1. Between I16 and H91, take the C-beta separation as r, use R0 = 22 Å, and let me know the FRET efficiency to the nearest 0.05.
2. Over the stretch 123-174, what is the relative contact order in whole percent, taking alpha-carbon pairs under 8 Å and six or more residues apart?
3. Calculate, in nm to one decimal, what L36 and A50 gain on full extension: separation in residues at 0.36 nm each, minus their alpha carbon distance.
4. Identify the GluC sites (Glu not before Pro) of the stretch 31-63 meeting these criteria: DSSP loop state and at most 12 other C-beta atoms within 10 Å of the C-beta.
5. Quick one: accessible area per residue over the stretch 134-189, 1.4 Å probe, rounded to a whole number of Å²?
6. Under the classification rounded if a/c is under 1.5, otherwise prolate if a/b is larger than b/c and oblate if not, where does the stretch 31-72 fall, given a ≥ b ≥ c as square roots of the Cα gyration tensor eigenvalues?
7. Would you mind calculating the gained length between R113 and T72 on full extension (0.36 nm times residue separation, minus the Cα-Cα distance), in nm to one decimal?
Amino acid sequence: DRNGDGDAEDIVSLLINLSTGLTTVLPEETGTGGVLFEDHIAYLLSEYVAGEDLTGDGDSNDYVVHILNLSTGQVTNLSLARYNSGENSNHWMAITASERDTVVDLNGDGDERDSVVFTYQVSTGALNNTGMAGSAKAISDQWLEIPASEFQSGIDYNEDGDTSDTITHFLRLATGEIYNTNLYMSSGNSRFDGNVLMVGIFEGYIGTDGED
């Protein structure tokens, strides 16, 4: 019984310090592990295991994002039901939250079916809703890449007359500014050196001038 709850049936997340050999058990069962950044861990806590509604949506079947401060032991509930794994960039973390599970229209488009990107700043504890529907990838300590779904947001980002594309946006973490590239970029092909971005694009999704 590694987490001290009286049984030996749980999936328990451990922190192992490779320098000292010290092993620490997370204070609450996470089930799916966590994302380590700075001296914090972001992890999912099952409402079923916790025995309570952690998002306030009236049910207890979600997995909800929590932040553990390893220095102080403080645990913060962000009240977001996460859709997929977070992306961390040292001082920041990107979280894609599920509207269906959180039961809130997080991007204000009139439905509750999207996956919306949030950022969390470690130093201040500030949680910011970017309003962008899609996923997120940290490409540096300063920038976040967001392949935004036109279908989920209902917005024609590249102005080609439809809302069926996934258009890459970049978010400057320090200011929250979002830049629309108007381009569909091949996933995972971005390279960034601090000032210059190299990307791969798919011609078929450009379409603003009637040509590929």
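1. The formula returns an efficiency of 0.40 here.
2. For the stretch 123-174, the relative contact order is 33 percent.
3. Length gained between L36 and A50: 2.9 nm.
4. Those satisfying the criteria are E52.
5. Result: 45 Å² per residue.
6. Since a/c reaches 1.5 and a/b is larger than b/c, the shape of the stretch 31-72 is classed as prolate.
7. 11.1 nm
The values are calculated or read from the model by the stated rules, or taken from the named source; none is laboratory data. Quick caveat: nothing in here was measured; it's all calculated off a predicted structure. Cβ: placed from backbone, ideal geometry, glycine included. Neighbour counts: every protein chain shown. Just so you know, the surface numbers come from the protein's heavy atoms only, side chains and all, with ligands and any DNA or RNA stripped out. Shrake-Rupley method; radii C 1.70, N 1.55, O 1.52, S 1.80 Å.
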